[in-house]
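The values are calculated or read from the model by the stated rules, or taken from the named source; none is laboratory data. In this text the structure is predicted, and so the values were computed from the model without any measurement. For neighbour counting, all protein chains shown are included, and Cβ atoms are generated from backbone atoms with ideal geometry for every residue, glycine included. These accessible areas exclude ligands, DNA and RNA; they are computed on the full protein's heavy atoms, side chains included. Shrake-Rupley method; radii C 1.70, N 1.55, O 1.52, S 1.80 Å.
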Amino acid sequence: MIEQKIPVDPADVMELYGVNNSNIQFLGHLFPHLRLIARGTDLRVIGEEEQLEQFAGFFARLQQYYHKYGKLGTDDLLRLWESESPAGEGAQLESDVILFGREGKAIRARTPNQLRMMQEVERNDMIFSIGPAGTGKTYTAVALAVKALKNKEVKRIILTRPAVEAGESLGFLPGDMRDKLDPYLQPLYDALRDMLPPQRLLSYMEDKTIEIAPLAFMRGRTLDHAYVILDEAQNATATQLKMFLTRMGENAKFFITGDLTQIDLPRHQHSGLWQATQILRNVPGISIIFMEASDIVRHRLVTSIVHAYEAQEALDEEQRRQQRTDADDQQLISCDVID
């Protein structure tokens, strides 16, 4: 009899072993001639050499399955056992699936422009995604980042936003620096929680594999082997945006998302997002995607709200144009009277 220890990532222990070691017990039925002892991060397996090798190969497939789909129950174990494919019934994936999130939820590109984001990130290292609220800009970018991390294409994910209040003053916020910044970064946390199990997300946050920080903290850094997302980029000034874009290091992907209709900067400051798209639009390796109201994937009323505001803004602009025309005509009349 031989004993072999199979190391298990601490962040994966709960899901791989199952509730009350239910997955280990099920594996015991599949491998009745082996003795399995699950303690901490080492799975001890005792048995004959040939069966140990078979078990080690199967357990490696389980780990791959869990990392890909974010779930592992006894039904998944049975399906993998009966299937010759490492990914079970999900081996043939649709082209619009970005990754599988928590509990195996398929996270897909749901609109043509979201699908274009998937395609462009394969061809370019810097992507601008600009459009109205609800078009999935941030969510899709975070999903692509998590996919790249799972596939070991990058070593870390860095998510950043300008710490700008949306039209109201929050006043004094208690707590340390992270507590003060969390309200601004909550949408990023929400997306990550959809895509990673809680324990793994906590582990990634603790060892800085996933880092969430305000834009001001990016100054002076070089971001290598990373997938970096700047969210709410419309609230970055031209100086801030240039600073951020020049942080790009080796083997890095940069995603910049924003909505030019929701700028929360003080009146004396101007957004640098539109300027950046104009300056960089012909630079090779940079893709600029403009999302549309048809890409909105929130409640159907969000689309109606966006259209209503666009119509009002067009009306306001027409009124301002007419006022300028009337003022010019009045000035010409005054000049004629003087002459």
- request: Might you report the magnitude of the Cβ-based charge dipole of the stretch 1-59 about its Cα centre, with Lys and Arg at +1 and Asp and Glu at -1, to the nearest 20 debye?
  value: 240
- request: Would you mind working out the magnitude of the charge dipole of the chain relative to its Cα centre, with +1 at each Lys and Arg C-beta and -1 at each Asp and Glu C-beta, to the nearest 20 Debye?
  value: 820
query: Say we join alpha carbon atoms closer than 10 Å with springs in a Gaussian network model of the chain; which of Thr41, Thr111, Thr257 then has the biggest fluctuation?
result: Thr41
- prompt: Do you know the relative contact order of the chain, to the nearest whole percent, from alpha carbon pairs under 8 angstrom that are 6+ apart?
  reply: 17
task: Past 20 Å, Cα to Cα, is the threshold; run Lys152/Lys242; Lys71/Lys105; Lys68/Lys152 against it and keep the listed order.
output: Lys152/Lys242
- request: With the cut-off at 24 Å, report for the stretch 5-138 the share of all Cα pairs above it, as a whole percent.
  value: 42
statement: Comparing Pro266, Pro132, Pro197 in a Gaussian network model of the chain (Cα, 10 Å), the one with the largest mean-square fluctuation is Pro266
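Students sometimes get this wrong: rank Ile286, Ile98 by accessible area, probe 1.4 Å, all chains present, largest first.
Largest to smallest exposure gives the sequence Ile286, Ile98.
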query: In nm, to one decimal, how far is the modelled label at Ala133 from the one at Arg320, with both set 7 Å along Cα→Cβ?
result: 2.1
message: Rounded to the nearest 5, what % of DSSP beta bridges with both residues in the chain are antiparallel?
response: 40
query: Roughly how many Å² of Leu30 are accessible to a 1.4 Å probe, to the nearest 10?
result: 30
message: Within the chain, what whole-number % of the accessible surface is contributed by carbon and sulfur, with the 1.4 Å probe and all protein chains included in the calculation?
response: 51
field: Leading residue at positive end of dipole, the chain (Cβ point charges), from Gln312, Thr261, Ala143
entry: Ala143
message: Only Cα pairs within less than 10 Å get springs; with that Gaussian network setup on the chain, which residue of Lys242, Lys71, Lys147 has the largest fluctuation?
response: Lys242
field: Given charges at Cβ of Lys, Arg, Asp, Glu: the chain dipole, positive-most of Ala276, Ile46, Ala293
entry: Ile46
- prompt: How many angstrom lie between the C-alpha centres of the stretch 118-152 and the stretch 274-290?
  reply: 16
message: Tell me the per residue accessible area of the chain using a 1.4 Å probe; a whole number in Å² is fine.
response: 56
